[in-house]
Ligand SMILES: [Zn+2]
């Protein structure tokens, strides 16, 4: 049988339902179909979370400082003093139970938060004792 250019070789595999004239589109479709690597997201264990809640009594641990003048008093955020991006661990000593407003303030005022010990820079050792607000100077 005489081969013509149209029948030469094996027919293209059409696993994507696309023609081979669409290499870019095919790559996009194949990328979308490829199973994505599961993101490993650490989460604070219930045990540690409960211990921190016990410590705070559900109240913002920075409430005496009223950071930014907007402390709501009710803690609903677990703040990592040494940030997770800096290797901070989900341990009681590294966690401060904050209200969302104080938490926002901490991450918006890093230098002040470092001075208060609410942020521990990457070059400093990991916290081993829980955070306490500095005593009011009077
Ligand atoms: Zn607060």
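Exposure proxy shown here: for 43, 56, 64, the number of other Cβ atoms within 10 Å sets the order, fewest to most, as 43, 64, 56. With an a/c value of 1.5 or above and a/b not larger than b/c for the gyration tensor axes a ≥ b ≥ c computed over the alpha-carbon atoms, segment 46-116 is described as oblate.
Coordinate-derived values only; no laboratory data. Because the structure is predicted, anything quoted here is derived from the model rather than measured. As a convention, Cβ positions derive from the backbone with ideal geometry for all residues, glycine included, and neighbour counts pool all protein chains shown.
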